[in-house]
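One structure is given here, and the rest of the page talks about it.
Each value in this text was obtained by applying a stated rule to the coordinates, not by laboratory testing. Treat the numbers as computed from the prediction; the structure is a model and nothing was measured. Cβ atoms come from the backbone with ideal geometry, glycine included; neighbour counts cover every protein chain shown.
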Amino acid sequence: MAGRDFAGGVGRIPLVERVGRHSPAMPGFDERSWSGLSDEERRRIGAGSIRASAAALVGGNALIGVETFVLVQLALNGGDLGRMLDIDAPILSAMVIALVVGTILNLVFGMVALRGSLNWFLSGARIEPGRREAIAAIPNRQVLGTMAAWTVSLGVYLLAALILGRGTSEFIVVAGGFCLAAVSSACLTYIFAERAARPLSVMAMRGQTRAQVKYSVRVRLLSVWIVSSAVPMAGLLAINFGRHIGLIPTPIGKVDWVTVVIAMIGLAAGTRVVLLVGGVLADPLDELAKAMDKVSRGDIDADVAVYDTSELGVLQHGFNQMVGGLQERQRVRDLFARHVGSTVAEHALAGDDEMSGGTTPSVGVLFVDIAGSTMMGEHLDPEVVAGLLNRFFTIVADVVDEHEGFINKFEGDAALAVFGAPVALDNAAAAALQASRELASRLREELPIKWGIGVSHGTVFAGDIGAQHRYEYTVIGDPVNECARLSEVAKDAKVPVVASGEAVNAAADEARNWAFRGSLHLRGRLGDSELYIPISVAKELDAARAAPATVSDLVRGLARIPLERVTRRRD
């Protein structure tokens with residue numbers, strides 16, 4: 001359960017090596033998979049850290065102990081392989097006892113160094129002050145524990161040697177071997193401890209605002225040098241110096257097996273530490289490479305777990321900050337597109353910081369306005385009105401997008417859509433007319449409101465309007481005014497859509513879907529505007545047989561103009 005001391009039973013939980021796709025104590029996990037872990041998952045991961053740390057502390061200490069024992073035996077018998085099995089029982093017992101005690105103490109000290117931070121991990125508590133530093137210090141604390149364990153081990157051997165009456169020279173040789181073994185074991189402990197504490201580091205470093213170098217990569221490279229070069233060379237120098245002063249016997253036979261064994265131990269230890277350090281360095285770099293590949297393919301949600309306390313950790317943190325910047329940039333871009341439309345957003349982002357714009361000769365303009373919106377505000381709850389308007393504008397935006405137009409602006413209960421700017425269309429008029437018919441159909445099916453749609457076509461100024469530090473993309477021209485007036489006519493005449501003659505005449509094949517209903521002088525314009533409505537609407541009106549006599553009645557009711565009048569005017 002949460003907060004349980006790991007020494008009270010967590011270590012007995014069977015290790016599940018992976019949570020999801022990720023190993024608890026090994027590389028390759030994703031930081032996002034570590035958020036919201038359950039108590040059981042934390043216990044499994046904690047058990048993995050305990051087992052990895054225990055295996056390193058016991059296994060590494062035991063292996064180095066065996067190597068040290070073999071090397072000390074050869075040094076004391078002059079490198080005679082034939083006498084390797086002829087072991088002095090007292091000295092064997094003393095060394096075995098010393099190594100067992102040292103191994104047990106190494107495990108205990110290592111677990112003590114891990115205990116506090118592991119209990120925090122199991123509790124699922126928030127990160128508290130000093131916790132990151134405590135977790136980062138686990139490798140160093142375990143190294144100190146390893147050195148203390150070997151020191152006690154040597155003390156145990158000294159006590160046994162005094163009891164058994166062994167000589168001083170023999171103790172000096174054993175002490176030298178133990179010292180070199182302690183240094184080698186400490187380096188391996190440091191590298192293993194970093195890997196074992198990695199899950200704790202991931203949780204502790206999540207959400208940090210900045211990363212700092214606690215332990216440089218140079219420390220790891222120094223460990224490689226110590227284990228693979230310094231310790232074996234120091235052993236060779238010590239052997240030759242001991243022979244020079246008569247502390248240990250000279251070699252027996254043609255082959256100096258002591259130096260051969262030291263070389264073999266150095267090669268084996270160097271291979272181990274190089275593989276370990278190589279993994280420690282390569283793991284975060286591999287994860288960064290995979291994450292960068294995802295980003296290059298457009299997946300800006302890719303990030304990496306931050307767990308390294310060296311320069312690699314700063315690199316991990318910096319990569320996540322870079323991805324966060326890309327995510328924020330994309331968020332701002334999406335918000336910008338929602339405010340001004342995706343086509344205008346792309347147009348603005350593709351250009352420079354200067355205001356742009358110019359005359360566009362072929363633009364279709366659509367204006368849609370809700371009828372009776374004032375009464376809606378008086379009789380309906382404001383939230384209901386807001387929901388109705390949002391649904392209305394959603395339908396408008398969907399239809400306009402399907403026909404490659406863009407919403408220039410929402411104005412209260414109305415919307416202005418433009419086709420052919422800023423992205424040119426093959427037939428902007430046809431796109432606007434098709435969008436108006438589909439919009440009328442969807443609004444009629446999905447919303448219990450009345451509206452009027454006006455469609456026009458012609459030359460406009462399309463570009464940025466405003467001050468240099470604050471401007472917006474808009475369209476200005478007679479077609480904009482005309483479509484707004486046509487929307488009013490549609491509402492007054494109680495028909496869904498009214499289009500101008502210029503729009504229908506420029507629409508090519510789309511014109512066959514529209515019926516001429518006469519001409520009318522619109523407010524604010526010099527000449528008359530030819531009026532068209534969809535043929536399907538015209539047929540419905542004719543079926544209703546509403547038949548006034550003159551075109552002048554259009555303002556009071558465009559629905560009552562007879563189809564016969566259409567024929568005569570077009571002739």
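Some observations on this one:
- Kirkwood radius and radius of gyration were both taken over the C-alpha atoms of the range 376-456, and their ratio Rg/Rh is 1.01.
- Around residue 224: net Lys/Arg minus Asp/Glu count, Cβ-Cβ under 13 Å: +3
- Taking a ≥ b ≥ c as the square roots of the eigenvalues of the Cα gyration tensor, the range 383-534 is classed as rounded, since a/c falls below 1.5.
- Label-to-label distance for residue 335 and residue 93 is 7.9 nm, based on points extended 7 Å past Cα in the beta-carbon direction.
- Treating r as the C-beta distance of residue 58 and residue 245 and R0 as 56 Å, the FRET efficiency rounds to 0.95.
- Each peptide in 522-531, 311-320 was scored by the mean count of other Cβ atoms within 10 Å over its residues; highest first, the order is 311-320, 522-531.
- Highest mean packing comes first when the peptides 248-258, 218-228 are listed by Cβ atoms within 10 Å, giving 218-228, 248-258.
- Distant-in-sequence amide H partners of residue 497 (H built 1.01 Å from N, under 5 Å): 453
- The range 401-460 and the range 85-159 have their alpha-carbon centroids 76 Å apart.
- Note on residue 268 and residue 217: their simple-model spin labels are 3.1 nm apart, each label 7 Å out from Cα toward Cβ.
- Taking a Cβ cut-off of under 12 Å around residue 315, the surrounding Lys, Arg, Asp and Glu residues balance to a net charge of -3, with basic ones at +1 and acidic ones at -1.
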